[in-house]
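Worksheet for the structure shown next.
The values are calculated or read from the model by the stated rules, or taken from the named source; none is laboratory data. These numbers come from a predicted model, not from an experiment. Cβ placement follows ideal geometry from the backbone for every residue including glycine, while neighbour counts extend to all protein chains displayed. Heavy atoms of the whole protein, side chains included, go into the accessibility calculation; ligands, DNA and RNA do not. Shrake-Rupley method; radii C 1.70, N 1.55, O 1.52, S 1.80 Å.
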Amino acid sequence: MLQPMQRTNAFPTDHGQPLMLTTEQQAIVHSQAASAIIAALAGTGKTTTLACCAVQALRAQPDARILVLAHSRAGVQAFQHRLRALVHQVPGHLQVTTLERWSARTLRQRDAGVRFVADPVELRQQAQQALLELEAQLQRQPDERISMPAEVDMQAFWAFNRAAKKSLLLQRVQDAGGDLAAFCEEHLLDYTLARIFCAYERLRLDTCGDVRYYAEGDCTYALAQEEDTALPAPYDLVLFDEMHDLDLAALTVLRRLLHDPATRFLGAGDFNQHIDTQAWSVFHNQLHQLADFLPQTTATLPLTQSRRFGPAVAQAINRWFPVGMQASTKRYSTVYQWSYQDDADCIRQLLQAQASLSARDGATPPPLTVILRHPHEAAALEWAVAAAGQVASLHGLPHFYEERELALLLGLMYAHGLQAPDWKSSPCPLGPQILERFIDGVLYFGKGRVDTRQEDSDLPTMAAQMHQHPQGIWRFLIGEHTAQGGRRNFAAFGNFLHLPLALQDNAQALLQQADVWGLFAATPMPHAEAQRLRTRVQGFIDLVAGLSVPQVLQQIASMVQRRQRLQHTGQPAHFQILSIEQAKGQEFEAVAIPFLAPGRFPAPVPHALAFVERNRLYVAMTRARQRLWLLEDARHPIQAFEA
């Protein structure tokens, strides 16, 4: 009896059901190139293809030593998941890890006593110590180009720290002549953060010049700085996923890792998804530069047929990005291109799009995933969703009422109403979490510096007490509370509280008549952060138009309650609002991208970084599986990007 013929594009698995590969995937799995890079597009199955290559190598040589690297932990988990879908058991001589963990293991093998630090409290103390070191330097040698912050903005500092190490910043400064200020000016870098970074790096060394500890990102950086040309790498095959996120330090280590001509290499990446503005990638959007960086002649293998969405989404992508995206006609997808007149109209259309999911899909539709370019845009959308009686979950974006400066305004607005003759003591409508951010705001903007000796654990206790006994909020703002310390800006708080009580009926008028900008003016901060703060505050003032202060506070209390109820029940939100960075690497049934307009999204950036804005939009569009809404400014539509 004749056996059924197996299809040539079927990849056998240990689970009985073969995996059907595309023609492009099949060519990659059977490629004999000693060094190759898969130039993939979104949703084309690059991770699955790499997993098939690993399995194929093990079937040909069961004792093959294989190292699989990914840029992120999520990438490692994704590869392991694909691998388990192919085989019952993964042999121990197949390692799957991030480059940072591999580098850490290499350092540990050299010296078992190396110390790794992950405690955020200890790292924050080190950063604060670096700030003090810089202050001491400036006392000895003033530098008018330095804008000293009141305290280290930890988010901004760690972002700069990561970017500086990815780019081998200090090495490049030395290669350029050693003038840090000139280098920062030429490359549009924050000189103050650069000086804090230099002080921080000096603190990581002991008196003998040895490294005292390694934090996340330091291990790859350490290996990249070494002058030796080779790293111990006894591997027959090295696979590397997420190559579009690599940087100069990682590529330097990879090149040293691949020094042995007997080691085969296969990497994969969608180089349209490189969105790290400060990684200073050596290749930008030109793949040949990456290939030239590797030690062996490297072939390029295309992967262009998406398995994520259907032809409609592929056509929409190709219309703006000439990437040659393909999709199977067997997959269904729909693209809606709508135009809006202003932000309010755009948000109304988002509500309409979400309602269409409910009408079409019945009682339990998927949430509408909204991907935003700018964090401050989430405030108006979250507010409108709540006003419609719905719930939005935020990912990679803060809830606006928990921003330090907005929580400060909310606390002041509430305390202003305590002077009413008929006020009765009852728990504050602002919950403890918002009040904790309020206290942080009072300390930060009132003193210009948070006392680093004060334990953060005091703030939750104070917030809980204020929630139950709101008179404490008033006393905290105008009294002699010991937690206040200096009184740099507390007069502005007192002036706010003594505005006419009638302004409680008009929240926007209260904020407009108060010296709102004076509340923040006494706290030095970088110009870019001051601009972001101004945008957030002005957006909040616009948001509360037509509402009384009690109505604003009640709306926010309701938003918090709905959010907590959602977390408790586990039910899906009506909307999930994501940053582009958070959306990257994920896919969703229904995606909407609002506020599309030249100069907004894509945002204005220096010409050298224009490709990053292009890639951000590409990442956002390629997250959709079935439905994609593109909401463009009717007056300023987006033009196609150059190849």
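Odds and ends about this structure:
- Applying the criterion of being open to solvent by less than 40 Å² (accessible area, probe 1.4 Å) and part of a helix (DSSP H, G or I) to the residues of region 540-554, the residue that is nearest to I434 (Cα to Cα) is L553.
- Condition broken by H467, with the remaining ones in (1) under 22 Å from S548 (Cα atoms); (2) open to solvent by 30 Å² or more (accessible area, probe 1.4 Å); (3) modelled with pLDDT under 90 satisfied: (3)
- Any hit, region 617-624, residues being part of a loop (DSSP other than H, G, I, E, B) and open to solvent by 10 Å² or more (accessible area, probe 1.4 Å): no
- Pick from region 231-251, criterion closer than 15 Å to W102 by Cα and open to solvent by 20 Å² or more (accessible area, probe 1.4 Å), ranking: farthest from the chain's Cα centre (by Cα): P234
- Matching option when the condition is closer than 30 Å to H244 by Cα and either in contact with a His (Cβ under 9 Å, 6 or more places away or on another chain) or surrounded by 15 or more Cβ atoms within 10 Å (Cβ to Cβ) (or both), among L511, L578: L578
- Identification of strands (runs of 3 or more DSSP E) wholly contained in region 34-144 with 1 or more residues that are surrounded by fewer than 20 Cβ atoms within 10 Å (Cβ to Cβ), touching a helix residue (DSSP H, G or I) at 6+ places or on another chain (Cβ under 8 Å) and free of Cβ contacts under 8 Å to residues at least 40 places away in the same chain yields 94-98.
- Y221 passes every criterion in (1) part of a helix (DSSP H, G or I); (2) of a type outside the set (K, R); (3) under 30 Å from A36 (Cβ atoms); (4) touching a residue at least 60 places away in the same chain (Cβ under 8 Å) apart from (4).
- A314 vs. criteria without any contact (Cβ under 8 Å) to a residue 40 or more places away in the chain, under 17 Å from M621 (Cα atoms) and open to solvent by less than 30 Å² (accessible area, probe 1.4 Å): yes
- The residue that is farthest from E377 (Cα to Cα), among those in region 535-561 that are under 25 Å from the mean Cα position of the chain (by Cα) and touching a residue at least 12 places away in the same chain (Cβ under 8 Å), is V560.
- Of the residues making up region 226-250, those that are touching a Phe, Trp or Tyr at 6+ places or on another chain (Cβ under 9 Å) and part of a loop (DSSP other than H, G, I, E, B) are D241, L246, D247.
So that you can scan it fast, the table gives a plain yes or no per residue for (1) under 18 Å from Q341 (Cα atoms); (2) open to solvent by 10 Å² or more (accessible area, probe 1.4 Å); (3) part of a helix (DSSP H, G or I); (4) not acidic (D, E):
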| residue | (1), (2), (3), (4) |
| --- | --- |
| E589 | no, yes, no, no |
| F595 | yes, no, no, yes |
| L609 | no, yes, yes, yes |
| N615 | no, no, yes, yes |
| Q626 | no, yes, no, yes |
| E632 | yes, yes, no, no |
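- Within the option set L412, L397, L408, L381, being surrounded by 14 or more Cβ atoms within 10 Å (Cβ to Cβ), assigned to a loop (DSSP other than H, G, I, E, B), in contact with a helix residue (DSSP H, G or I) (Cβ under 8 Å, 6 or more places away or on another chain) and touching a residue at least 40 places away in the same chain (Cβ under 8 Å) holds for one residue only, L397.
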